[in-house]
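Visitor: One structure coming up, written as structure tokens, with questions to follow.
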Amino acid sequence: YTETVTAYIKKCIDDVTVTKTITTRANQKPWMTAEVCRSGGKAALKTARANQSHGIKKAKHQYAQKINNNFSDSKDTRSLWQAIQTITDYKPLPQASDDDTSLPDALNHFYSRFETQNNTPAQKLHTSPNDQVLCLSAADVRKTLSRINPRKAAGPDNIPGRVLRECAAQLTDVLTDVFNTSLSQAVMPTCLKSTSIIPVPKKSPVSCLNDYRPIALTPIMMKCFERLVMHHIKSSLPNTLDPFQFAYRPNRSTDDAISSALHLALTHLEQKDSYVRMLFIDFSSAFNTIIPQQLIHKLNLLGLNTSLCNWILDFLTGRPQSVRVGRNTRTTWTTNVTSLNKKGQQRLQFLHRLKRASLPPPILTTFDRGTIESVLTSCITVWYGNCSAADRETLQRTVNTAAKIIGAPLPSILDIFLARCSSKASSIVKDPTHPSHNLFQLLPSGRRYRSIKARSVRFLNSFFPQAVRVLNSNLPAPL
């Protein structure tokens, strides 16, 4: 049934669309139009070169003006970043070599190695007659289809997201029937479980199969189905998550995880003759090594109904896939700052290129915030307070250089740190479920927060004591 529906959708796409092949080259620039190529004559080579150089310069200026106009009118940041990457050759995507014809098979066996190691048979749970089967409404399905990002890559079914979004009204009823039939039978259609894996090199050159990062493309129709079921699962499960679980939760970030761990360690180190030992554990391929049979038993114990557990088991098993190819013990933050500053300085050259391309300061500032400032201030609330004065000056020099290139003032590193401290602390105060919420306690007056006592400067300058001071300094003056 599902394969018939998807085949008919693809037939309709083939009937109403025209496929056109466009050849692009790595060094192709968008301003190199046919007019530029005709700007030189054959009569005099010297004159032709001069005219062509003038034509390229004029075309670059027109292209920069076009970028500026589009950004000013529509705030289309996606087109802006595409143009910036074209001008600067910034972050070219590494491509897997397609010369080795045995690479797809080798990667396919490598990515499926965990399936062969799992010998636990997948057996569905016994369903009771009173078990309620999840039923999706047509309104929810249509709402999900209308929110599809049309720029997302299509999966193995080759049905573009734009088709599903634009034809949401026509496809809602049939897809609702497909989804509800799948849920009632606790069976996932094989065509929706299929996956195309695109290997992207993590580094260059590649030395082993583990140097490829697998990018899995699944049917967009399946992504909509997953999103609908996920919303139901989240609303059905009890709130039993550990407060120190930061992944996949709102108002939780890497900053929170590091700050909480450091706070516990530094609080303990406030005591005399104390020390801290930390154990860092990284699970290799954690998601791929989950045993589905054990997972559904745990979900069932958490209160998820049996039919949905069986559906999840069928969803996680029997998934066809194909691969497509075309030591430092120092306790200061100097190593971290040096690494961040090096990355920021390397990206200043791209800012120079944009400046030479005659782009205006607003666009240069946008590029700086996205590629230089974002690197220099990564997790800044964790480490900036305990930085040495020399490290802070090093970072500020990079910011000053960027401001000089742009020709406009930029916020200082200190201002960014204080703003982010205030924002992060405010979000924690407003979230009573946050594991660090109890660190922000109001005094009896109800106007200021209780300061965190610290014996050492290291603890005093860590995030949470700093955040309390920042919040107290930002409180409005009494009337």
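The values are calculated or read from the model by the stated rules, or taken from the named source; none is laboratory data. Quantities reported herein were computed from a predicted structural model and do not represent experimental measurements. Positions of Cβ are backbone-derived with ideal geometry, glycine not excepted, and every protein chain shown enters the neighbour counts.
Visitor: Six or more apart or on different chains, Cβ under 7 Å: which pairs go from a residue in the range 211-227 that's within 19 Å of Asn108 (Cα to Cα) to one that's of a type in the set (Phe, Trp, Tyr) and not in a strand (DSSP E or B)? Could you list them?
Guide: So the pair list comes out as Pro214/Tyr111.
Visitor: Moving on. For Val206, state whether it is of a type in the set (Val, Ile, Thr), modelled with pLDDT under 95 and not in a strand (DSSP E or B).
Guide: Taking the combined requirement at face value, the residue satisfies it.
Visitor: Write out, first by first residue and then by second, each pair whose Cβ atoms fall under 7 Å of each other, whose residues are 6+ apart or on separate chains, and whose first residue, in the range 250-265, is closer than 24 Å to Ala454 by Cβ while the second is among the aliphatic types (A, V, I, L, M) and crowded, with 17+ Cβ neighbours inside 10 Å.
Guide: Asp255/Val382; Ile258/Val382; Ser259/Val382; Leu262/Val382
Visitor: Under the condition of being closer than 16 Å to Asp255 by Cα and among the β-branched types (Val, Ile, Thr), which residue from the range 424-467 is surrounded by the most Cβ atoms within 10 Å (Cβ to Cβ)?
Guide: Ile428
Visitor: Identify all residues within the range 151-174 that are of a type in the set (A, V, I, L, M, F, W, C) and part of a loop (DSSP other than H, G, I, E, B); write none if there are none. Spell out how you get there, then give the answer.
Guide: Residues of the range 151-174 that are of a type in the set (A, V, I, L, M, F, W, C), as a first pass: 153-154, 159, 163-164, 167-169, 171, 174.
Scanning the range 151-174 gives Ala153, Ala154, Ile159, Cys167.
Visitor: Here is a follow-up. Go through (1) surrounded by fewer than 19 Cβ atoms within 10 Å (Cβ to Cβ); (2) at pLDDT 85 or above and name the single condition Ile197 misses.
Guide: For Ile197, the exception is condition (1).
Visitor: Examine the range 268-275 for a residue that is under 24 Å from Phe114 (Cβ atoms) and part of a loop (DSSP other than H, G, I, E, B), and state whether such a residue exists.
Guide: no
Visitor: Provide a single number: the residues in the range 352-380 that are outside any helix (DSSP H, G or I) and over 14 Å from Trp81 (Cβ atoms).
Guide: 6
Visitor: Do you know which of the residues in the range 273-292 that are under 27 Å from Pro189 (Cβ atoms) and in contact with a helix residue (DSSP H, G or I) (Cβ under 7 Å, 6 or more places away or on another chain) is modelled with the highest pLDDT?
Guide: Pro292
Visitor: From the list Pro160, Pro129, which one is in the same structural domain as Ser194 (by TED's automatic domain parsing) and at pLDDT 90 or above?
Guide: Answer to the selection: Pro160.
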